[in-house]
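For reference, the structure is listed below as structure tokens.
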Amino acid sequence: MSKYDDAATFWNDVFRNKDVSVPKSEKSGNEGFDKGLTWLTQDSENILDFGCGNGTVLFLCSFYGSKN
């Protein structure tokens, strides 16, 4: 097994049993992360997310104006 396969298996196991919950506000609970999302989504309607967890961050981006 390659290092990529090991990492993919690890993270698939981490997120397999996690419930996906839609955030109710734009605040993640981490001030630095929220500042980063504010910067990332400023004037950005489109965000590319690939293999980065369960998609919750995409919901947070939508609070800051990202549409796609």
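Quick look at the numbers
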| item | result |
| --- | --- |
| Candidate aspartates and glutamates - alpha carbon under 19 Å from K24, same-chain residues fewer than 8 apart omitted | D34 |
| Label-to-label distance, nm, for residues given as M1 and F15 (7 Å Cα→Cβ offset) | 1.8 |
| Cα-Cα pairs of the chain separated by more than 18 Å (percent) | 47 |
| Of all accessible heavy-atom area on the chain, the percent that carbon and sulfur account for (1.4 Å) | 55 |
| Relative contact order (%) - the chain, alpha-carbon pairs under 8 angstrom, separation at least six | 38 |
| Peptides ranked, highest mean first, by Cβ atoms within 10 Å: ranges 33-42, 12-21 | 33-42, 12-21 |
| In the chain, the GluC sites (Glu not before Pro) that fall in loop regions by DSSP, at most 10 other Cβ within 10 Å | E45 |
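The values are calculated or read from the model by the stated rules, or taken from the named source; none is laboratory data. Nothing here was measured: the structure is a model prediction, and the numbers come from that model. When we count neighbours, we look across all protein chains shown, and the Cβ atoms used for this are built from the backbone with ideal geometry, even at glycine. We work out accessible area using only protein heavy atoms, side chains counted, and drop any ligands, DNA or RNA first. Shrake-Rupley method; radii C 1.70, N 1.55, O 1.52, S 1.80 Å.
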